[in-house]
Every structure is written in structure tokens, then in C-alpha cells.
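The values are calculated or read from the model by the stated rules, or taken from the named source; none is laboratory data. None of the values given here were measured: they were computed from a predicted structure. Here the Cβ is made from the backbone with ideal geometry for all residues, glycine too, and neighbour counts use every protein chain on show. When the accessible area is computed, the model is the full protein with side chains, heavy atoms only, and any ligands, DNA or RNA have been set aside. Shrake-Rupley method; radii C 1.70, N 1.55, O 1.52, S 1.80 Å.
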Amino acid sequence: MTKKKDIKWKFMKVNGVLNRAYKVSNYGDVVHAKTMVPLKQWEMRKKSKTNGSDYQAVSIPGFKSHLRVHRIVCETFHGAAPAGKELVNHKDEFKSNNKASNLQWVT
């Protein structure tokens, strides 16, 4: 977990719903809100060498599947995806850089 002076924490938002059981940092950390224990993040497996995903994901009880960290961070810090802009772009093109300042909603 990142230890910085300028770190900001917000309750997690997923699909427009505020979840007070988890917090998200502007550096891309996801923790339990009460204990501040980080959730394990892992890189999603690629389906093949030419397609798939390098994105970090977390498993959160109550969700049927894993959640991509970049989408959690973007929605928590930048709000819900605007109409027509439903993809999250990593400005520096590094999929492992999930800082809020590096993410933006795009078409």
C-alpha cells in the first residue's frame, strides 16, 4: 500500500453505488474501510498472447466477479461514466498505473 503525504481516501463507488465497506485511494489502493487492510490485487490473466487483459483486479464479497481496479478508482474519484464515455483510459498507457490523476473516461 502506498504511503504518501498527499494520499486521499474515499468510500468506493461501483456502478453508481457508494459502498462504505471499502475505501479507495487516489493512488489505486483498495482497503477495508474499518481496518484499512489492503485487498489483494492481481493482474488478470490474458486469454491469449494477442488479446486479454493486463489490468489489476480485486475480489470483493457481494460481487459475482472480480472488479478492475482502474474502473473503481476512476468512478470513485471522477464520478460515473458520462454518456458515450464508458471506457477508462490510462493517460500514460501503463495499465498498472491506477492513480486517479492518470485515469480518464473516454469513448
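Any chance you could count how many residues in region 16-31 are exposed (fewer than 14 other Cβ atoms within 10 Å of the Cβ) and free of Cβ contacts under 8 Å to residues at least 60 places away in the same chain? Of the residues in that region, 4 qualify. Beta carbons closer than 7 Å, at least 6 apart along the sequence or on distinct chains, pair a first residue in region 42-59 that is farther than 18 Å from Val88 by Cα and of a type outside the set (Asp, Glu) with a second that is at pLDDT 80 or above and open to solvent by 50 Å² or more (accessible area, probe 1.4 Å) for Ser59/His66.
Within region 78-107, residues that are at positive phi reach partners that are surrounded by 13 or more Cβ atoms within 10 Å (Cβ to Cβ) with beta carbons closer than 9 Å, at six or more positions or on different chains, in the pairs Gly79/Lys13; Gly79/Trp105.
Among the residues of region 83-101, just one is outside any loop (DSSP other than H, G, I, E, B) and farther than 12 Å from His70 by Cβ, namely Ser101.
Assess whether Val88 counts as being touching a Cys at 6+ places or on another chain (Cβ under 7 Å), open to solvent by less than 70 Å² (accessible area, probe 1.4 Å) and at pLDDT 95 or above. Yes; evaluated as a whole, the condition is true for this residue.
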